[in-house]
Amino acid sequence: MSQRQTLPVLPLRGTVMFPGITAPIAAGRPGTLRAIETALKGDRLVFAVAQRDNAEEPTSDILFTTGVIARIGQVQRGLGGVQLLLQGEQRATALQYAEQDGHLTAVIVPAEEMTPLDLKDPAFTALHKEARERAAELGEKRGLPEEVVHQVLDSVEDAGRFADLVAGYIELTVPEKQGLLETLSVEERLRRVLVHVQRQIGLLEAQEDIKSQVQEELGERQREMFLREQLKAIQKELGDDDSSKEITELREKLSKLELPKEARAEVERELGRLERAGRESMEAQVIRTYLEWIAELPWSKRSDDHLELARAGEILNEDHYGLKDVKDRVLEFLAVRQLRAQQVAAEVATTGEFPVSKLKGDSTDATPALGSNGEDRQITDTREAKARAMARGPILLFNGPPGVGKTSIAKSIARALGREYVRVALGGARDEADIRGHRRTYVGAMPGRIVQGMKQAGTKNPVFLLDEVDKLGTSYQGDPSSALLEVLDPAQNDSFTDHYLGVPFDLSEVLFIATSNFIQNIPGPLLDRMEVVEFSGYTEREKAEIAKTYLVPRQLEESGLASRDLVFTDEAVMKVISEYTRESGVRQLERQLGAVARKVARRVAMGDTATIEDKVISADEVRDLLGRPKVHPERAAEHDEVGISTGMYYTPMGGDIMFVEASIRRGGSRTRPTDDEEQVRVGPISLILTGQLGDVMKESARAALTYATNNAEVLGIPADRVASASEAHIHVPAGAIPKDGPSAGIAIATALVSEMSNRKVRRDVSMTGEITLRGRVLPIGGVKEKVLGAHRAGIREVIIPKANEADLEDVPEEVRQQLTFHPVETLRDVLKIALVDSQAAAAVAELMGV
């Protein structure tokens with residue numbers, strides 16, 4: 001038997017064959033079936049050897065070298081393969097594996113056992129006897145009849161065969177069984193088997209103890225829970241519990257995080273609770289979700305800042321047209337941070353540390369910011385110092401009408417800094433938990449949007465955009481704007497505590513930027529923490545440039561027309577701007593250009609190429625494609641009229657002109673006002689106001705009428721016309737739209753004086769300003785937007801308060817050159833400009849032959 005022989009190889013998955021053991025084997029792999037057929041044609045011998053893993057196609061690399069020469073007994077064939085009885089005969093060692101006729105063969109040499117020198121040695125005899133007794137005990141504890149156990153064990157006298165018999169039937173892993181098979185020393189193999197048997201007995205005893213403990217704790221009504229607890233306890237003792245592996249992986253992941261002391265203590269406490277909780281329990285799921293949130297937050301990961309001011313300016317110009325003032329403020333904002341970061345980094349490099357308290361922002365508290373242990377923490381990492389310095393300083397609030405580029409400017413800042421960009425929409429948030437999160441006691445609790453945004457960013461120093469902060473609401477569930485106070489305060493946000501996390505999280509390296517449309521809707525304490533950067537509307541020329549540079553190419557690309565080389569003429573773009581959109585931004589403009597592109601794409605897809613034969617879309621084609629104009633903006637009046645003046649107003653959608661009409665009723669009884677009218681008596685004249693005017697605008701009308709009647713002689717109003725007036729009616733068209741504000745004061749006064757003196761108001765002059773009872777003209781807001789709206793409407797001369805003259809610097813140069821501005825201090829100055837001189841008008845008419 002010591003000679004070499006070549007046998008077919010029977011690879012075994014998940015088991016090991018021992019000599020003297022007969023075991024059923026299921027075979028279905030093609031190579032294995034061919035090896036069995038080869039053995040059946042010969043002496044029915046195979047080399048049964050275990051695989052190192054469970055690979056589907058066995059190769060010589062994954063087979064152990066020690067196996068068993070086995071004989072095939074009964075064979076039963078089926079559709080899925082064959083079932084056979086395999087009897088191990090002798091250990092053998094493979095010298096070489098080879099592939100032959102589609103299956104593996106092995107050149108083997110039988111392995112001789114190393115028996116003891118003296119079989120009657122007391123130590124060996126005692127070892128053999130102890131192994132038999134423990135094996136019998138194990139069989140009985142497993143529930144086998146005592147007679148069967150002793151019959152099987154007594155049938156084997158040889159110590160080596162007995163060790164192989166026990167090794168074949170106890171529950172061991174493949175590597176452990178293979179180790180016993182490769183142990184040629186009978187005494188050593190017997191000792192190892194005894195150790196495994198004793199371990200199995202201890203496991204069964206532990207199982208019995210666990211079972212008794214569980215039965216004591218649980219009653220009959222909790223039988224299902226008892227079964228689950230028993231299964232969990234057994235798996236824990238065996239060491240193959242999947243949940244324990246998950247907990248181990250989670251623990252390793254959390255151990256790699258650089259957590260603060262408080263967070264580390266909380267994590268360890270929750271890990272302990274998770275290990276004690278049942279895997280299927282609701283508590284375990286809640287704890288696991290919490291720990292996964294902790295593991296996924298960027299506690300120490302930060303991105304490197306690569307700020308070059310020149311490159312930042314290029315990025316802003318690439319992404320946005322116009323907005324010069326905004327770009328200048330953003331570049332100043334970035335320049336300060338760049339220099340501050342360089343200064344801090346240089347100090348850290350020189351001294352090796354930098355106190356955190358110097359990076360705490362502009363807090364008015366005289367007490368220095370200290371760490372949790374009462375000491376000022378020193379920064380030694382240059383990257384951390386730079387990141388904190390970059391985040392320090394005022395938080396910018398971009399305020400302006402929709403569609404003017406507030407959100408995209410923030411994205412450009414992130415690109416210029418090389419940081420991650422996160423946007424959180426706060427519009428409609430009415431619950432404090434939206435910011436701070438829910439406490440874990442609630443079902444379905446989640447962190448707030450701040451922590452969710454930090455998880456999304458993946459770094460602790462992103463550019464964080466708080467969009468639409470003016471649309472935060474309040475309810476009985478709290479005020480989310482108050483929760484933002486801690487987030488936006490540089491002196492506090494290094495220890496921001498989300499209710500769900502329950503531990504401080506450092507937000508001091510985050511660069512926060514906020515946006516809004518209505519700054520008056522932001523609470524004072526929140527607004528105080530931010531520096532406002534105003535975004536005004538675009539001029540028509542700026543919109544045209546934006547459309548040609550950005551919007552038209554993008555819409556042609558999205559409509560599949562990029563390869564057609566289509567061109568919008570300047571007239572076509574201006575027609576879309578003036579007749580199909582009414583906004584300060586460019587969102588509606590992009591939608592209308594997209595509508596044109598889609599309609600052209602439809603015609604092209606249907607084979608109608610006449611639309612784009614010349615590859616030019618003209619203004620006439622825009623009319624054909626979009627239909628009738630959708631917007632009818634106010635235009636300057638065609639003629640000078642009595643009692644009608646032109647005012648200006650501003651909304652978040654931009655500026656425009658409005659007409660103020662005045663009519664005087666003379667003699668007779670006064671009319672009774674309707675529900676929509678308001679009648680006020682001013683001296684002998686009653687005043688009716690219509691057009692959905694607000695309280696402030698009504699007060700301006702009363703002040704204007706009082707001034708006009710009290711100063712009639714100075715204003716050139718005949719005394720008989722004042723005496724005969726019984727009722728003054730002020731109306732502002734577009735009655736469905738509410739109107740308010742003091743800036744229409746001089747327009748109302750001009751219309752009244754014109755009607756009372758029967759002098760015409762110039763149609764090419766618009767005006768804005770608040771009026772007092774003494775006729776003074778006070779400053780107002782929104783000058784730039786109002787001037788742009790007047791320019792669009794065809795106005796050529798604008799009257800503004802003298803105090804607003806400096807605001808004209810904000811008006812684009814091209815608009816200033818086309819308009820004439822009249823700064824005034826009193827209503828007399830206004831009337832000199834706005835009212836038509838009757839003598840001069842008659843002279844002009846005579847000169848023209850009218």
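Applying the selection to segment 102-119, what residues are loosely packed, with under 14 Cβ neighbours inside 10 Å and touching a residue at least 60 places away in the same chain (Cβ under 8 Å)?
First pass over segment 102-119, keeping only residues loosely packed, with under 14 Cβ neighbours inside 10 Å: 102, 112, 117-119.
Result: Gly102, Glu112.
Please enumerate the residues belonging to segment 532-578 that are surrounded by fewer than 19 Cβ atoms within 10 Å (Cβ to Cβ), closer than 25 Å to Ile409 by Cα and in contact with a strand residue (DSSP E or B) (Cβ under 9 Å, 6 or more places away or on another chain).
Selection gives Val532, Glu534, Lys548.
Please go through (1) buried (at least 20 other Cβ atoms within 10 Å of the Cβ); (2) touching a residue at least 60 places away in the same chain (Cβ under 8 Å); (3) not aliphatic (A, V, I, L, M) for Arg449 and return the number of the only condition it doesn't satisfy.
(2)
Sort out for me the helices (runs of 4 or more DSSP H) sitting completely within segment 754-850 that have 2 or more residues that are touching a Ser or Thr at 6+ places or on another chain (Cβ under 8 Å) and at pLDDT below 90. First the steps, then the outcome.
Numbers: elements: 783-792, 813-818, 827-834, 838-847.
Result: 783-792, 813-818.
State the number of residues belonging to segment 1-17 that are within 60 Å of the chain's Cα centre (by Cα) and either closer than 16 Å to Thr65 by Cβ or open to solvent by less than 20 Å² (accessible area, probe 1.4 Å) (or both). So that I can check it myself, show each step before the final result.
At the first step, the residues of segment 1-17 found to be within 60 Å of the chain's Cα centre (by Cα) are 9-17.
The next check asks that each one be either closer than 16 Å to Thr65 by Cβ or open to solvent by less than 20 Å² (accessible area, probe 1.4 Å) (or both); those that pass are 9-12, 16-17.
Looking only at that region, the number is 6.
Going by the conditions given, is Val463 at pLDDT 90 or above, open to solvent by less than 60 Å² (accessible area, probe 1.4 Å) and either over 17 Å from Trp293 (Cβ atoms) or not basic (Lys, Arg) (or both)?
Details: at pLDDT 90 or above: no; open to solvent by less than 60 Å² (accessible area, probe 1.4 Å): yes; either over 17 Å from Trp293 (Cβ atoms) or not basic (Lys, Arg) (or both): yes.
It is false that Val463 is at pLDDT 90 or above, open to solvent by less than 60 Å² (accessible area, probe 1.4 Å) and either over 17 Å from Trp293 (Cβ atoms) or not basic (Lys, Arg) (or both).
Name the residues in segment 59-75 that are in contact (Cβ under 8 Å) with a residue 40 or more places away in the chain and more than 56 Å from the chain's Cα centre (by Cα), would you?
Hits for segment 59-75 are Thr66, Gly67, Val68, Ile69, Ala70, Gly73.
State all residues of segment 310-334 that are farther than 19 Å from Gly400 by Cα and over 27 Å from the mean Cα position of the chain (by Cα); if no residue qualifies, say none.
Ala310, Glu332
Against the condition in contact with a strand residue (DSSP E or B) (Cβ under 7 Å, 6 or more places away or on another chain), open to solvent by 10 Å² or more (accessible area, probe 1.4 Å) and not in a loop (DSSP other than H, G, I, E, B), how does Val424 come out, does it pass? Steps first, please.
Details: in contact with a strand residue (DSSP E or B) (Cβ under 7 Å, 6 or more places away or on another chain): yes; open to solvent by 10 Å² or more (accessible area, probe 1.4 Å): yes; not in a loop (DSSP other than H, G, I, E, B): yes.
The answer is yes for Val424.
If you scan segment 781-807, which residues turn out to be of a type outside the set (Asp, Glu) and more than 15 Å from His822 (Cα to Cα)?
So the first thing to find is which residues in segment 781-807 are of a type outside the set (Asp, Glu), and the list is 781-784, 786-796, 798-804, 806.
Answer for segment 781-807, where residues must be of a type outside the set (Asp, Glu) and more than 15 Å from His822 (Cα to Cα): Gly781, Gly782, Leu788, Gly789, Arg792, Ala793, Gly794.
Could you list, in sequence order, the residues of segment 548-580 that are under 20 Å from Thr407 (Cβ atoms) and of a type outside the set (Phe, Trp, Tyr)?
First pass over segment 548-580, keeping only residues under 20 Å from Thr407 (Cβ atoms): 549-551, 554-555, 558.
If the condition is that a residue be under 20 Å from Thr407 (Cβ atoms) and of a type outside the set (Phe, Trp, Tyr), then Thr549, Leu551, Arg554, Gln555, Glu558 are the ones that fit.
For segment 80-87, check the following and say yes or no: at least one residue is within 30 Å of Val152 (Cβ to Cβ), open to solvent by 20 Å² or more (accessible area, probe 1.4 Å) and assigned to a loop (DSSP other than H, G, I, E, B). Let's see the steps before the verdict.
Just the residues of segment 80-87 that are within 30 Å of Val152 (Cβ to Cβ), to begin with: 81-87.
From what is left, the residues that are open to solvent by 20 Å² or more (accessible area, probe 1.4 Å) are 83, 85, 87.
Checking which are assigned to a loop (DSSP other than H, G, I, E, B) leaves us with none.
For segment 80-87, residues within 30 Å of Val152 (Cβ to Cβ), open to solvent by 20 Å² or more (accessible area, probe 1.4 Å) and assigned to a loop (DSSP other than H, G, I, E, B): absent.
Among the residues of segment 282-310, what is the count of those that are in contact with a helix residue (DSSP H, G or I) (Cβ under 7 Å, 6 or more places away or on another chain) and basic (Lys, Arg)?
Within segment 282-310, residues that are in contact with a helix residue (DSSP H, G or I) (Cβ under 7 Å, 6 or more places away or on another chain) and basic (Lys, Arg) number 2.
Residue by residue through segment 735-763, note down the ones that are closer than 25 Å to Pro779 by Cβ, open to solvent by less than 40 Å² (accessible area, probe 1.4 Å) and either out of contact with any helix residue (DSSP H, G or I) (no Cβ under 7 Å at 6 or more places or on another chain) or without any contact (Cβ under 8 Å) to a residue 24 or more places away in the chain (or both).
Those that are closer than 25 Å to Pro779 by Cβ, open to solvent by less than 40 Å² (accessible area, probe 1.4 Å) and either out of contact with any helix residue (DSSP H, G or I) (no Cβ under 7 Å at 6 or more places or on another chain) or without any contact (Cβ under 8 Å) to a residue 24 or more places away in the chain (or both): Ser743, Ala747, Ala751, Ser754.
Which count do you get for residues in segment 88-101 that are loosely packed, with under 14 Cβ neighbours inside 10 Å and not charged (D, E, K, R)?
Looking only at that region, the number is 4.
Being closer than 21 Å to Gly403 by Cα, of a type in the set (Asp, Glu) and at pLDDT below 85 narrows it down to one residue among Glu545, Glu590, Glu613, Glu583; which is it? Can you show your working first?
Values: Glu545 fails: at pLDDT below 85; Glu590 fails: at pLDDT below 85; Glu613 fails: closer than 21 Å to Gly403 by Cα.
Testing whether each residue is closer than 21 Å to Gly403 by Cα, of a type in the set (Asp, Glu) and at pLDDT below 85 leaves just Glu583.
How many residues does segment 19-75 contain that are closer than 17 Å to Lys177 by Cα, open to solvent by 10 Å² or more (accessible area, probe 1.4 Å) and of a type outside the set (A, V, I, L, M)?
Residues meeting the conditions: 8.
So, of the residues in segment 161-187 that are assigned to a helix (DSSP H, G or I) and β-branched (Val, Ile, Thr), which turns out to be nearest to the chain's Cα centre (by Cα)? Spell out the reasoning first.
To start, the set of residues in segment 161-187 that are assigned to a helix (DSSP H, G or I) comprises 161-169, 174-182, 186-187.
Add one more test, that the residue is β-branched (Val, Ile, Thr), and what stays is 166, 174, 186.
Values: Val166: 61, Val174: 48, Val186: 67 Å.
Among those residues, the one meeting the criterion is Val174.
Filter segment 120-158 down to the residues that are touching a residue at least 40 places away in the same chain (Cβ under 8 Å) and surrounded by fewer than 16 Cβ atoms within 10 Å (Cβ to Cβ), then identify the one that is farthest from Ile69 (Cα to Cα).
Looking only at segment 120-158, we keep the residues that are touching a residue at least 40 places away in the same chain (Cβ under 8 Å), and these are 124, 127-128, 130-131, 134-135, 137-138, 141-142, 156.
Checking which are surrounded by fewer than 16 Cβ atoms within 10 Å (Cβ to Cβ) leaves us with 130, 141-142.
Working: Glu130: 29, Lys141: 32, Arg142: 30 Å.
Checking each candidate, the answer is Lys141.
Within segment 719-734, track down each residue that is open to solvent by 50 Å² or more (accessible area, probe 1.4 Å) and assigned to a loop (DSSP other than H, G, I, E, B). I'd like the intermediate steps shown before the answer.
Step one: list which residues in segment 719-734 are open to solvent by 50 Å² or more (accessible area, probe 1.4 Å), which gives 719-721, 723, 729, 731, 734.
Listed by number, the list holds a single entry, Ala734.
For residues that are surrounded by 21 or more Cβ atoms within 10 Å (Cβ to Cβ) and either modelled with pLDDT under 85 or more than 19 Å from Gln452 (Cβ to Cβ) (or both), tally how many sit in segment 508-525. Steps first, answer last, please.
Here is the first cut: in segment 508-525, the ones surrounded by 21 or more Cβ atoms within 10 Å (Cβ to Cβ) are 508-516, 522.
From what is left, the residues that are either modelled with pLDDT under 85 or more than 19 Å from Gln452 (Cβ to Cβ) (or both) are 508-509, 516, 522.
Here the count works out to 4.
The values are calculated or read from the model by the stated rules, or taken from the named source; none is laboratory data. Computed from a prediction, not measured in an experiment: that's the story for all the values here. Reconstructed Cβ throughout: ideal geometry from the backbone, glycine too, with neighbour counts over all protein chains shown. Note: accessible area is taken over every heavy atom of the protein model, side chains too, but ligands, DNA and RNA are not part of it. Shrake-Rupley method; radii C 1.70, N 1.55, O 1.52, S 1.80 Å.
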